[in-house]
1. In this structure, does Met350 turn out to be touching a residue at least 12 places away in the same chain (Cβ under 8 Å) and over 37 Å from the mean Cα position of the chain (by Cα)?
2. Looking only at the range 94-104, decide whether some residue is surrounded by fewer than 19 Cβ atoms within 10 Å (Cβ to Cβ), over 18 Å from Val171 (Cα atoms) and without any contact (Cβ under 8 Å) to a residue 60 or more places away in the chain.
3. Which of the residues that make up the range 41-60 are within 43 Å of the chain's Cα centre (by Cα) and of a type in the set (Asp, Glu)?
4. Any residue in the range 443-467 that's closer than 30 Å to Glu398 by Cβ and part of a helix (DSSP H, G or I): show its pairings with residues that are open to solvent by less than 100 Å² (accessible area, probe 1.4 Å) and of a type outside the set (A, V, I, L, M, F, W, C) at Cβ separation under 9 Å, as long as the two are six or more apart or on different chains.
5. Here are Ala134, Ala140, Ala144: which of them is open to solvent by less than 40 Å² (accessible area, probe 1.4 Å), within 21 Å of Leu250 (Cα to Cα) and modelled with pLDDT under 90?
6. Anything in the range 156-178 that is modelled with pLDDT of 90 or more, open to solvent by 60 Å² or more (accessible area, probe 1.4 Å) and not charged (D, E, K, R)? List them, or say none.
7. Go through the range 383-393 and give me each residue that's surrounded by 15 or more Cβ atoms within 10 Å (Cβ to Cβ) and either in contact with a Ser or Thr (Cβ under 6 Å, 6 or more places away or on another chain) or in a helix (DSSP H, G or I) (or both).
8. Output the helices (runs of 4 or more DSSP H) that fall wholly within the range 206-280 and possess 3 or more residues being open to solvent by 70 Å² or more (accessible area, probe 1.4 Å), or say none.
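The values are calculated or read from the model by the stated rules, or taken from the named source; none is laboratory data. Keep in mind that what you see is a predicted model, and the values were worked out from it rather than measured. Every residue, glycine as well, gets a Cβ built from its backbone with ideal geometry; the counts of neighbours run over all protein chains shown. Accessible surface areas use protein heavy atoms only, side chains included; no ligands, DNA or RNA. Shrake-Rupley method; radii C 1.70, N 1.55, O 1.52, S 1.80 Å.
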Amino acid sequence: MFKFRKGQRKRSKSDIPDAVVNGSGTAGPGQAPSPGHTLSSLPRMTAVEPLPLFKDVSKSERHALFLRKLQLCCFQFDFTDTLKSARQKEIKRQTLLELVDFIQSGMSKIPEAYLGEMIKMVGINIFRSLPPAAHETSSAPEGADPEEVEDYMEPSWQHLQIVYELLLRYVVSSDTETKVAKRYIDHTFVLKLLDLFDSEDSREREYLKMVVHRIYGKFVVHRPCIRKAINNIFYRFMYETERHSGVGELLEIMGSIINGFTVPIKEEHKLFLIRTLIPLHKLKQLSLYHQQLSYCMVQFVDKDYKLGDIVVRGLLKYWPLINCQKEVLFLGELEEVLEAMQSAEFQRCMVPMFRQIARCVNNPNFQVAERALFFWNSEHIVGLISQHRQVVLPIVFEALEKNIQSHWNTEVHGLTVNVRKMFVEMDPALVEECERQLQEKEAMAGEVEEQREMTWKKLEEAAAEKG
C-alpha cells in the first residue's frame, strides 16, 4: 500500500503507470489461492484481466475467487486521461459491482479473515492524498472566493462510488458483527475516513457522511474517538486554516449525535457547545453550513432548555456588525432558539437580546428589519414577551416609533404598526407610559442640543472679541 506523507499531493500524470498494484500481487485468472491466503500472500497479479463470475464457479471455489477479485480491485489507475487503460478500468468497475452484490447476498458465509482483506482493499482505494483545493491552484482567479468556484468532480469517482457503496453495505448489514468488524474498522480507519471530509467532491462527502454516521451508531467503542476527531477538525478550521469542504456534513453528523444525547447533558457535551459550535458563527463562510449549525444549536436547547441563556448570549457575542445577510441568518436562528426557551431562561437574557433586536428593527436594510419584526408572528415568543412586557417594551418602543415615523420601506412600516398595535392591546397603560418617557427623553435631548449650541455660540463670540 502506498503511504502518503501529510501534505503530499498526487503525482503528476507522467509519474503514474497505467495501473498500480497496492498490497497485492497476482496470478493468472485460473490460479486459485487456498482459503488461508491473504492478499499479501497471493501470487503477484501482473495485469488486469476478467475473472470468472461467482455464479460460474462452484460454491467451494467462491471464497478463493472472492479474494482474487479483491486483489484485482487493488489496482489503481490514472484517471487524468479518460482513454488510458479504459478496458482495465471497466473490468475493475464491473468486478467492484459484483463484489457489492456478493457481499449483500451472502456475507455471513464469508470467512472473517476475508472480510478483513476486503476492508484493506477499501482503504487502498479511498485513502489517498487529496488534490489542492480549487481556490489554491494556479488556474483559479486571483482572490477567488471558494463559494464561487465550480464544484470539483473526482476523476476516479466511477470506482470510488462503488467502493464506498461496498463499505456502506458492509457496515449496515445485519450480518456484520461489531466484535469482529472493529478489528478492521478501527480508530485509525475511522480517523482516515474523517480526514476525507475535506474532499471537494460533494458526492464523496455525502457517502462519507452516511458511512461515518452508521459507524457511530453501530460501533459504540468508536463514539468518543469520532466526537473528538470532529471537534479537532472544527478547531483547525476556526483557528488555523479557515478552509474546509466538509464542515456542513460533519455538522449534520453532530446534529444526529446531539439528538441522541441523554439528559442531563454531560459536561463534555456542554463544552462542545460553548467552545466549538458557538464560535463557528464567527467564520465568514457561515452561510455554507449555517443550516446544519443552527440545527445543532436548537437541538441543545430542545434537550436542555436551561442552555437557552448560554446559546443566546453566544449568538450576541458573535453578532455581525456590517454583514446584513449574516445578520438575517442570526435572527432566524435566534427565533428558533426562542421557540424552545422557557420563561426563566428568557428572563436571564432578555435585556441584551432585545437591545440587539431593537437595533435590527431600525436597520435601514429592509431584510434585517423585516426579519426582526417577524419575531412577533410567533405565539410562543409573543407569550414570553407578554410575560415580561414591563422590561421588553421600554427597550423596543423607541425603535418602533422611529420606524413608524421614518423607515423608507412600506412593508417594514406596516409590520411595525402591527407590532405597536399588539402592544397597545397587550397593555395600553404601559404603551402610554413609554410614550410619555420617550417624549421626556426627546425634550431633554432638545434642551441638551440647545445648551450645546449656546455654548458654541459663546465660544465663537469670545474668540471674535479676542480676534
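1. On the way: touching a residue at least 12 places away in the same chain (Cβ under 8 Å): yes; over 37 Å from the mean Cα position of the chain (by Cα): no.
No: the conditions fail for Met350.
2. yes
3. Glu49
4. Qualifying pairs under 9 Å: none.
5. Just one listed residue meets the conditions, Ala134.
6. Listed by number, the residues that qualify are Gln158, Gln161, Val172.
7. The answer is Leu384, Ile385, Arg389, Val392, Leu393.
8. Qualifying helices (runs of 4 or more DSSP H): 223-236.
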